[in-house]
Protein chains: 2
Amino acid sequence: MNLAGLEAGGTKFVCAVGDEHGELSAQVRIPTTEPAETLGQVIAFFRDASRDTRLAALGIGCFGPIDLDPASTTFGHITLSPKHGWNQADVVGPLVRALGLPVELDTDVNGAALGEYRWGAARGFDSFVYLTVGTGIGGGALVGGRPLHGLLHPEMGHLLIERREDDDFPGTCPFHGTCFEGLAAGPAIEQRWGRKAETLPEEHPAWELEAHYLALGLVNLVCTLSPRRVILGGGVMSQTHLFPRVRERVRTLLNGYLRTPAILVDNEEFIVPPGLGHRAGVLGAIALAERAALARGA
Amino acid sequence: MNLAGLEAGGTKFVCAVGDEHGELSAQVRIPTTEPAETLGQVIAFFRDASRDTRLAALGIGCFGPIDLDPASTTFGHITLSPKHGWNQADVVGPLVRALGLPVELDTDVNGAALGEYRWGAARGFDSFVYLTVGTGIGGGALVGGRPLHGLLHPEMGHLLIERREDDDFPGTCPFHGTCFEGLAAGPAIEQRWGRKAETLPEEHPAWELEAHYLALGLVNLVCTLSPRRVILGGGVMSQTHLFPRVRERVRTLLNGYLRTPAILVDNEEFIVPPGLGHRAGVLGAIALAERAALARGA
């Protein structure tokens, strides 16, 4: 089965052709410029790919906020974006009209979560959270094997957590200042300490504070969703020394509540890095395409 | 179809017989004393009820934390309770052995949520949150029409929210001090202001602070679950003046994010009281029984 996947991000669109085993046969990166230009290049890539092979479906994992309600007249449109040309832009419509493929759309992070469920660190875990910590914080989740949405889609980066007493950083979020993303995404680290996060040594107090904020966010996600596993990805988490710190801090903050060894004792298996690394996004889009194809009885 | 429902609470067990229309034909309240005594009275009630009529299944909405994993050797046991005799107590086993009925077990709050979905304020809303604010704070949710659980079950009362600057109350939670429940449940109001919550007049500053904390918790639940509706029940919410205050505070805290009229403009329909009032718990148990019966092809 040949599946088309599109990881639509704020800086680049990654197009790929893959199969139900998570093997990729072709891939291209397109810079995110204006919608017409970027989507035109996406269409050209998949038209070209479909000359050699029949594509069964298209999966799209898209940056948000995006309208995921199939009953809405603005299904597949970005709802709010500071990015030039993308506010209210229709991402899905032009692709459906040009390619004529069954489409499954979800957020980039729900897509990546699905990729991890299918071929990565969440195999066998039907309820889990996938959190990416980079230029922003985004979260996706599966509940009972299905990507989580409702009225809209999760916005886990905007959890309201408590700024620690010894931190006077005002936060970077234009809406909420010191929300989860405003305190703990990469730009917050950089602005708080006045240097790029990746240049801060392991023993710098930045990381202890970062682990605290990540743990605060995770405790809230765990108390709400009761996931079987939490996957932490994104550029900030390439600082792998954060993992043991976050695990320890989650234990400390829970303080003996949620009395299961998986969380309170051996949480090395509870809080883990992605199994697919940087390919979670594009493989997630392939996994979305697989769902679209299976729903059509392919 | 005759269905047996048990709302198992920390102070009382409510047993009822009802049907698939949410009509109750018999009901009894049993004080929660020791497990053997209380469960013995439950068994006696349902044995008596089954003399007149065939009971198709038993639904149990139980206080927690409780083990909901059907594969666990301690399925249906309370995992942690300060209540004499109930720590590690097996709630479900004795009932199954004595009554021989198919059983569906969930938390009291997931049960109540299911009751609201079936016959109350959540009819037609397949993804929503049910929060009860009383002597504690408990939360249940349906996601895609199914009660939410994962590794354990949600513990929404233990969300970690920020204590407001003008509040120096240390919180009531023995585990986390100033978590959501520690700051905003009935006992926190009473201890903070030195008098019973229900004696505080509407214009007392207690209520503005309470609305703030409830809104903080709700924003975190909304950012994680993206519910289509939020139902607020429990004794504290019998102060109905809290509803407009909480709705306004949620809008203020979100500050223009989650740009949907349902949340940002007309959130009278987004944050609502229970449709079943105090009967949500017992009708939820009947709704759980209905699921057990339908799963058995009744």
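The values are calculated or read from the model by the stated rules, or taken from the named source; none is laboratory data. Keep in mind that this is a model prediction, so the values were computed, not measured. Because the Cβ atoms are built from the backbone with ideal geometry, glycine has one as well, and the counts that use them run over all protein chains shown. Side chains are part of the model used for accessible areas, which takes the heavy atoms of the whole protein and leaves out ligands, DNA and RNA. Shrake-Rupley method; radii C 1.70, N 1.55, O 1.52, S 1.80 Å.
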Inset, instruction - Would you mind finding the one in B:246, B:230 that is under 19 Å from residue A:223 (Cβ atoms) and among the β-branched types (Val, Ile, Thr)? - result: B:230
Inset, instruction - Please work out which residue is least open to solvent (accessible area, probe 1.4 Å), limiting yourself to the stretch A:137-161 and to residues that are facing chain B (nearest Cβ under 7 Å) and among the small types (Gly, Ala, Ser). - result: A:150
Legend entry - Subset of the stretch A:39-97 (residues that are buried (at least 21 other Cβ atoms within 10 Å of the Cβ), of a type in the set (Phe, Trp, Tyr) and in a loop (DSSP other than H, G, I, E, B)): A:63
Legend entry - Selection count, the stretch A:123-136, where residues are buried (at least 24 other Cβ atoms within 10 Å of the Cβ) and within 12 Å of chain B (Cβ to nearest Cβ): 3
Inset, instruction - Would you mind listing the helices (runs of 4 or more DSSP H) fully within the stretch B:165-263 where at least 3 residues are more than 11 Å from every other protein chain (Cβ to nearest Cβ) and surrounded by fewer than 23 Cβ atoms within 10 Å (Cβ to Cβ)? - result: B:186-193, B:205-225, B:242-254
Inset, instruction - State yes or no: is residue B:26 buried (at least 18 other Cβ atoms within 10 Å of the Cβ) and within 26 Å of residue B:130 (Cα to Cα)? - result: no
Legend entry - Single residue of B:49, B:56, B:98, B:71 found to be more than 20 Å from the chain's Cα centre (by Cα) and within 14 Å of chain A (Cβ to nearest Cβ): B:71
Inset, instruction - May I ask you to verify whether residue B:180 is over 23 Å from residue B:123 (Cα atoms), at pLDDT below 95 and in contact with a His (Cβ under 8 Å, 6 or more places away or on another chain)? - result: no
